[in-house]
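Report on the following structure.
The values are calculated or read from the model by the stated rules, or taken from the named source; none is laboratory data. Please read all numbers here as calculations on a predicted model, not as lab measurements. Cβ placement follows ideal geometry from the backbone for every residue including glycine, while neighbour counts extend to all protein chains displayed. The accessibility values were calculated without ligands, DNA or RNA, using every heavy atom of the protein model including side chains. Shrake-Rupley method; radii C 1.70, N 1.55, O 1.52, S 1.80 Å.
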Amino acid sequence: MNRTVEKGKTLIVDGPASVTLTSGKAEVFGALLRNASRVVIREGKRLPFAVEETAVFDMSLGENAAAEESDGSTVPASWVKSYEELTSLQTKPITAIVLGAVDSGKTSFCTYLINRLLHEKRKVAILDGDLGQSDIGPPCTLAYAFVAKPVTDLFDLKEKDAFFIGTTSPSGHTDKVVEGLTTLKKEILSNEPDVVLIDTDGWVEGEDAANYKIQLTGKLEPDIIFWIQQKDELTPILSAFGECKNVLVDSPSTIGQRNREKRRNLRELGYVKYLRNSKVQSLPLNWLKIEGDELFGLGKMHENVRQARKIYELLGMKPLHFAELPDRVCIVIGRRRWIEPENIKKVEEFSKKRVMLIRKGNEEGLLIALYNSKRQFLGIGVLQEIDFTRKYLKISTPVADDIAIVNMGKVKLDKNLKEVSVLTDENHP
Ligand SMILES: Nc1ncnc2c1ncn2[C@@H]1O[C@H](COP(=O)(O)OP(=O)(O)O)[C@@H](O)[C@H]1O
Ligand SMILES: [Mg+2]
């Protein structure tokens, strides 16, 4: 379907759609479109095509997609001003953090700044700190990329490195997120960028969120913080960030709001992208270092035989797997087995530790990250099975390199890569 749009107007397209500029001149977030190059708009995303010379677009719209015209540009004047504020800083590198609520336009704002900076031949790195809506790198990870050419969607960038967190929200895992972002920022700096842009998650409401953002900005030491707000929702926490330059930025009025469902769908596109062409592999447990394993205690199997025997006696059965950690006892039982709650209590009293009880089969679908022996991130995968008897992991992943470290996430995926409930400890539901 062809559509002609006059100079000075903006064509706003809601995905799933693809748009090709066939003649004229138009840009998306400051990226000038090349003729005949196709721009894909994912479902749940909206892109503005600002027309500079009367343009003809060849559009193909998917289900529930839409295209409408609006007068003028949808890029707020404060975005243009922000770019000037950023480039007026004389430091090298310049580190900028973008803060704002979910769907306030943070990622689009970063995209706009990137495109403008590239125009001036600056070496730009973008660090994606949003776990729930990872644009760069797999979902549930933090990642960064150096940008070589203008982009319309950060999802098109290939990550240079990533740091796996394994959850869709920083809440409850803030230390790990701060560690991840600091580590990745350090790595970026060793590549001598002119500008480092840090995009963040949308968790800004309430005291916990504010404290987390204070901790984060304290560690990342930005030269400038951009605050994207619709009204004045960020003003209460703004005063706590005195040290560096703070710039208030408008959230575009034409923003595409997404509900939880749409955000989950966008994440699932991420799982598909990073788990496509997966193959099943079996990895012997004694070859691997297991990280982030809070439920199984895989590193410690049957160390103290006498202790194990005593515990089996109290349980009244021999479980498939048993591991005693400094603060807890991990027990895995067969799908159809049953343990008296009384007996679990006895074990807790005897060991003076919490018992984590997992049913075999429940590990299936757990999101994992894979690293090589130098602890370089290789990609993500899905745990298919832990074979406790023969002591190996069955995983499904497109990663073909040698895997030395497996990091366990908290998200579980079903066979269609849809998120399902997380792995549960039956003894502490
Ligand atoms: N200036 C704008 N004009 C039209 N659509 C926009 C604009 N800014 C953002 N959007 C769209 O609004 C949605 C939310 O913006 P996004 O940048 O992803 O927000 P955040 O990163 O804060 O969650 C996206 O689909 C984005 O493409
Ligand atoms: Mg975003």
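When the residues of region 373-389 are filtered to those that are within 15 Å of E363 (Cβ to Cβ) and out of contact with any Asp or Glu (no Cβ under 9 Å at 6 or more places or on another chain), which remaining residue is modelled with the highest pLDDT? Out of the qualifying residues, it is G381.
Filtering region 249-287 to residues that are open to solvent by 50 Å² or more (accessible area, probe 1.4 Å) and in a loop (DSSP other than H, G, I, E, B) leaves S253, Q257, N259, R276, N277. Scanning region 182-215 for residues being among the aliphatic types (A, V, I, L, M) and either at pLDDT below 95 or within 16 Å of ligand 1 (Cβ to nearest atom) (or both) gives a total of 6. Please determine whether any residue of region 233-249 is within 16 Å of ligand 2 (Cβ to nearest atom) and of a type outside the set (A, V, I, L, M). No, every residue in region 233-249 fails to be within 16 Å of ligand 2 (Cβ to nearest atom) and of a type outside the set (A, V, I, L, M). Checked against (1) aliphatic (A, V, I, L, M); (2) touching a helix residue (DSSP H, G or I) at 6+ places or on another chain (Cβ under 9 Å); (3) crowded, with 19+ Cβ neighbours inside 10 Å, V80 passes all but condition (3).
Report yes if some residue within region 387-394 is open to solvent by 20 Å² or more (accessible area, probe 1.4 Å) and without any contact (Cβ under 8 Å) to a residue 12 or more places away in the chain; otherwise report no. Taking every residue of region 387-394 in turn, at least one turns out to be open to solvent by 20 Å² or more (accessible area, probe 1.4 Å) and without any contact (Cβ under 8 Å) to a residue 12 or more places away in the chain. Inside region 152-194, residues that are within 29 Å of E27 (Cβ to Cβ), open to solvent by 10 Å² or more (accessible area, probe 1.4 Å) and not in a helix (DSSP H, G or I) make up a count of 9. Looking across region 62-94, just one residue is in a helix (DSSP H, G or I) and more than 21 Å from S104 (Cβ to Cβ), and that is T87.
Would you mind listing the strands (runs of 3 or more DSSP E) fully within region 288-344 where at least 3 residues are hydrophobic (A, V, I, L, M, F, W, C)? Before you say what the answer is, go through the steps one by one.
Values: elements: 289-291, 321-324, 328-333.
By residue number, 328-333.
Candidates in region 35-53 are the residues that are part of a loop (DSSP other than H, G, I, E, B) and open to solvent by 70 Å² or more (accessible area, probe 1.4 Å); of these, the one that is nearest to E63 (Cα to Cα) is A36.
Considering only residues that are of a type in the set (K, R) and away from ligand 1 (no atom under 11 Å from the Cβ), which ones fall in region 237-277?
We begin by selecting, within region 237-277, every residue of a type in the set (K, R); these are 245, 258, 260, 262-264, 267, 273, 276.
Selection gives K245, R260, R264, R267, K273, R276.
If G44 satisfies every condition in (1) in contact (Cβ under 8 Å) with a residue 24 or more places away in the chain; (2) outside the structural domain of I198 (by TED's automatic domain parsing); (3) away from ligand 1 (no atom under 12 Å from the Cβ); (4) not aliphatic (A, V, I, L, M) but one, which is the exception? For G44, the failing item is (3). Can you tell me which residue within region 97-118, out of those that are under 14 Å from Q230 (Cα atoms) and part of a helix (DSSP H, G or I), is farthest from the chain's Cα centre (by Cα)? Here the residue is F109.
Of the residues making up region 223-230, one or more are open to solvent by 10 Å² or more (accessible area, probe 1.4 Å), assigned to a strand (DSSP E or B) and within 16 Å of ligand 2 (Cβ to nearest atom).
Regarding K346, is this residue among the basic types (K, R), touching an Asp or Glu at 6+ places or on another chain (Cβ under 7 Å) and open to solvent by 10 Å² or more (accessible area, probe 1.4 Å)? Taking the combined requirement at face value, the residue does not satisfy it. When each of V147, V177 is tested for being touching a Gly at 6+ places or on another chain (Cβ under 8 Å) and not assigned by TED's automatic domain parsing to the domain that holds V420, the lone residue that passes is V177. The residues of region 94-147 that are more than 10 Å from ligand 1 (Cβ to nearest atom), open to solvent by 10 Å² or more (accessible area, probe 1.4 Å) and in contact (Cβ under 8 Å) with a residue 40 or more places away in the chain, listed by number, are R116, H119, R122, K123, S134, F146.
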